[in-house]
1. How far apart, in nm, are the 7 Å Cα→Cβ label points at K29 and K71?
2. Give the aspartates and glutamates whose C-alpha is closer than 17 Å to that of K71, dropping any in the same chain fewer than 8 places away, or say none.
3. Just for region 46-93, what percent of DSSP beta bridges are antiparallel, to the closest 5?
4. Quick one: what do you get for region 28-94 if you divide its Cα Rg by 2.2 N^0.38 Å?
5. What is the extension gain from K51 to E82, computed as 0.36 nm multiplied by their sequence separation minus the C-alpha to C-alpha distance, in nm to one decimal?
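The numbers here are math on the coordinates, done by the rules we state, and not lab data. Just so it is clear, the model here is predicted, and its values are computed rather than measured. Note: ideal-geometry Cβ built from the backbone for every residue, glycine included; neighbour counts use all protein chains shown.
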Amino acid sequence: MKKLTVLLALAIFAVSLAAFAGEGKKGEKIVSGTISKLDLANRSMTVTDAKNVALTILWNDSTRVMGGELKEGEAVELGYVEAENKMWASWIKVGKPTS
């Protein structure tokens, strides 16, 4: 009976984790623009889009950076989620967007 209880608890935990992980993808937003300000030390950048709206985006070790080096003036496309009243990049693609 003890094994069944432990297995049931683990199954519930696994389903909860899967639901939480899926939620992050649903809330992801995509933006493209130009890096107008870059702070490598604090892992933040300001991206200005085509409508001249500036967004401050942060990144961390799990953020995938593809296509080149982050530099001011570079075109980027990125996916981000909002957490802790900040915008966190999940991926960054350096270069002109393909679409």
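1. The two pseudo-label positions are separated by 2.9 nm.
2. The reachable aspartates and glutamates, counting only those whose Cα sits under 17 Å from K71, are D39, D49.
3. If we restrict to bridges inside region 46-93, about 65 percent are antiparallel.
4. 0.97
5. On the way: separation 31, 0.36 × 31 = 11.16 nm, distance 2.05 nm.
In short, 9.1 nm is gained.
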